[in-house]
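Before any comments, here is the structure.
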Amino acid sequence: MTTLTKLSLSTTLILSSFLMSGCATGGAGMVGASSNVKYGDAKAAETVTADFGSSDLQSTAETLTQSLLETRYISKAQQPPKVRLRTVNNLTYEHIDTKAITDKIRIKLLKSGQVRFLADTANLNQVSAERDLTTTATTKTKMKAMTDSDYIITGNVRSIKKANDDVKDVYYNVSLELVDPQSGEILWADEKEIRKVTSKSSVGW
Amino acid sequence: MVNRLHIVTCSLLCALQLSATSLDSNALRSSLSKPQFDQTLSTLRDDTSDQSEFWYWLNLARMQQAHGDFNASINSFQKSFEILDEYENRAKVSLRNIGSFLGSTFLSKGAETYYGKGYERSLMHTLNALNYAMNGNFQGASVEMRRMEQRQEFWLSETEAKIKEAAEEQAKAEKEGNNVSSIPSEYSMAAMLEDPSIRSLANSYQDPFSYTLSSIITDIAFPSEKLGEVSLKRALSLNPDVSKAFVKLPKPAVETVAKPKQPPVQKGKKGTQQPLVQAIEPKIDKMDVTVVVLAGEAPAVKIEKIRFPLFNGANYASIDLPAYNPPINDVSVVTISTNKLILQPPRLLQTNAMAYKTLKDEFVGELSKAVVRATAKAVVAKQASDNFGAFGGLMASLAMDVGSSIADSGFRNWELLPNSGYLSKFEAIQGETLTITLNDRQESFTLPKDKKGVLVLVSYITNDNIRIDHVEY
């Protein structure tokens, strides 16, 4: 093989390597000597994609908790009412972990000291099993205390998605309701609206 | 000169070797039977050469689903979703899209990267919804069904644009004196594209199977809200057979018993005339059963070359058109039986029809591009013939043929997409035996007790490779 051929082959290989590394899509960078990992501000606005993200989770929990605490059923209650948080339905086009929303709201409400929480339905069986282990006789009264709530909080996350060749527009609506389980009356309801717009760049790879 | 030839030969061999290391379409589709399935899945999973391809992840996802590994299948569908999402969100003027367009216009159809047809992009969500459902996550499944419906809406405008584009290509080609309105008689799909059943399809991407499943899953996920009604109406408008997918138990025979003697009505008191016999309906614990059968493998795309001689046969050019290998391993009869019902669910998913309809809609555009490619190749062959004689022209034709064949071999679609989908939702009695017959194979299992319903997924890959999974709710 002549030197010229070797050189041309080497050049081809180097060019190919560059091209291949250029073709590689982004993603989590490799953690090593040249790692790009760094700590970020947990409350900073996250705008990586138009999907429901951490900023949306935080702002939703903040707004709805504040609104709920201001309602007279909580703020003017003689003693902190017992509340059960039900599942928030995901009616969007994304796999949103709605439990993250309810967990965040629960923590904020508990920290306020204005409400008491009962274990949610999913955890109730575990709590009940734990009680059976620790107490010899579970009376009906005790069981009733575990299950009877003054209020139930329930909600939905909905989205409307529109797109054309240039722009993608996503509207999210997170709504919560405070319901009296005895009468079924909706005592309070509020919503948080979020709108995200992404546009395509004009020229790119 | 010898060195140059050496490099060309090495490059060709390398390219051939690279394509040989991964499972090609035929190898993949012919090694799905029970004894080979695990090995094929393992080979496909470990193959890193095609991981940037949309179809690779879809094929892997179907195999993982048919293997009962629903989480892995969700991850694979997510990968294909990311590839598609990246493609759809590219810059308005994308260098990759321009390169692909130029390659497919002048060199080979295989230079195009395959990002799926409308029906494949919709069905990836339908199959993924089943993964979530089989994991017991019906809200997650309903998210996938909404994505499917949104894609179908998107394709409504997209397909109209494609048909318009094809008409423009046709007008342009005819202006240049090329006849692209008639299908070449040598083309293997010629008869299929003119088939009345294909021509009569409303469109190439809306399938009643997905809409029906969407209505069922949405009703399971959100039982108090009637969110599934719209989907069901859409399904019914596409195929009236959808109504046959829903069956209720026959009303039980009313048992009559003699009523005990009533004390006589006293004078002055109002009394009502009581019947002497009382109708008693025997109490049975009913449950909803939904059976989904995904059977066979859809048509596999290929590039078909129609070669024709040039300049007194000294060299040749070819028109290369997309075509399909027929579907395989499909089931012909599905029967579901319980103690009180014998059902033959309708075939609501007909992937082969949707594939052929897509080809039919895009055919004029494809033929126009093929004519441009053939003309470009003929010009090169003519130049070679003029400069190096008849042998040079023939070699140029051969070189272009081999080059485009290598590119074409990598042009693949979702070859393991189910070709048929059968769906039935019916009432059954808790704890009774459910029997599903697929061709000559019979599989039975006992329905659970104390549950509202059960969703059964039958993955029929080949006649000897059937898997039945179910989830209770």
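The values are calculated or read from the model by the stated rules, or taken from the named source; none is laboratory data. Owing to the predicted nature of the structure, the values given are computational and were not obtained by experimental measurement. Cβ sites come from the backbone with ideal geometry, for glycine too, and all protein chains shown count toward neighbours.
Hey, among B:Ser52, B:Ser31, B:Ser80, which residue is of a type in the set (Gly, Ala, Ser), assigned to a helix (DSSP H, G or I) and either modelled with pLDDT of 85 or more or over 23 Å from B:Asp330 (Cβ atoms) (or both)? Don't jump to the end; show me each part of the working.
On the way: B:Ser52 fails: assigned to a helix (DSSP H, G or I); B:Ser31 fails: assigned to a helix (DSSP H, G or I).
Of B:Ser52, B:Ser31, B:Ser80, the one residue that is of a type in the set (Gly, Ala, Ser), assigned to a helix (DSSP H, G or I) and either modelled with pLDDT of 85 or more or over 23 Å from B:Asp330 (Cβ atoms) (or both) is B:Ser80.
Taking B:Ser76, is it touching a strand residue (DSSP E or B) at 6+ places or on another chain (Cβ under 9 Å), within 26 Å of B:Thr462 (Cα to Cα) and away from chain A (no Cβ under 13 Å)?
Details: touching a strand residue (DSSP E or B) at 6+ places or on another chain (Cβ under 9 Å): no; within 26 Å of B:Thr462 (Cα to Cα): yes; away from chain A (no Cβ under 13 Å): yes.
No: the conditions fail for B:Ser76.
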Within 14 Å of chain A (Cβ to nearest Cβ) and in a helix (DSSP H, G or I) - does that describe any residue in region B:100-109? yes
Do you know which of the residues in region A:165-198 that are touching an Asp or Glu at 6+ places or on another chain (Cβ under 6 Å) and either within 14 Å of chain B (Cβ to nearest Cβ) or not aliphatic (A, V, I, L, M) (or both) is surrounded by the fewest Cβ atoms within 10 Å (Cβ to Cβ)? A:Val197
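Residue-by-condition table, conditions (1) more than 30 Å from B:Ile284 (Cα to Cα); (2) of a type outside the set (A, V, I, L, M, F, W, C); (3) crowded, with 19+ Cβ neighbours inside 10 Å:
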site	(1), (2), (3)
B:Thr335	no, yes, no
B:Thr338	no, yes, no
B:Leu348	yes, no, yes
B:Phe363	yes, no, yes
B:Val371	yes, no, no
B:Lys377	yes, yes, yes
Inside region A:151-180, can you point out the residues that are assigned to a loop (DSSP other than H, G, I, E, B) and at pLDDT below 90? A:Asn164, A:Asp165, A:Asp166
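Specify which of the listed residues (B:Leu227, B:Leu249, B:Leu232, B:Leu156) is modelled with pLDDT of 80 or more, out of contact with any His (no Cβ under 8 Å at 6 or more places or on another chain) and assigned to a helix (DSSP H, G or I).
Exactly one of B:Leu227, B:Leu249, B:Leu232, B:Leu156 is modelled with pLDDT of 80 or more, out of contact with any His (no Cβ under 8 Å at 6 or more places or on another chain) and assigned to a helix (DSSP H, G or I), namely B:Leu232.
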Would you check if B:Ser49 is of a type in the set (Gly, Ala, Ser), more than 11 Å from chain A (Cβ to nearest Cβ) and buried (at least 18 other Cβ atoms within 10 Å of the Cβ)? no
Is it fair to say B:Ser332 is touching a residue at least 24 places away in the same chain (Cβ under 8 Å), among the hydroxyl-bearing types (Ser, Thr, Tyr) and outside any loop (DSSP other than H, G, I, E, B)? no
Only one of B:Phe411, B:Phe391, B:Phe426, B:Phe445 that is of a type in the set (Phe, Trp, Tyr) and part of a helix (DSSP H, G or I): B:Phe391
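This table checks each residue for (1) exposed (fewer than 10 other Cβ atoms within 10 Å of the Cβ); (2) modelled with pLDDT of 90 or more; (3) touching a strand residue (DSSP E or B) at 6+ places or on another chain (Cβ under 7 Å); (4) not in a strand (DSSP E or B).
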| residue | (1), (2), (3), (4) |
| --- | --- |
| A:Leu9 | no, no, no, yes |
| A:Leu15 | no, no, no, yes |
| A:Ser21 | yes, no, no, yes |
| A:Gly29 | no, no, no, yes |
| A:Ala33 | yes, no, no, yes |
| A:Ala42 | yes, no, no, yes |
| A:Asp51 | no, no, no, yes |
| A:Gln66 | no, yes, no, yes |
| A:Arg106 | no, yes, yes, yes |
Scanning region B:133-159 for residues that are surrounded by fewer than 24 Cβ atoms within 10 Å (Cβ to Cβ) and of a type in the set (Ser, Thr, Tyr), the one farthest from the other protein chains (Cβ to nearest Cβ) turns out to be B:Thr159
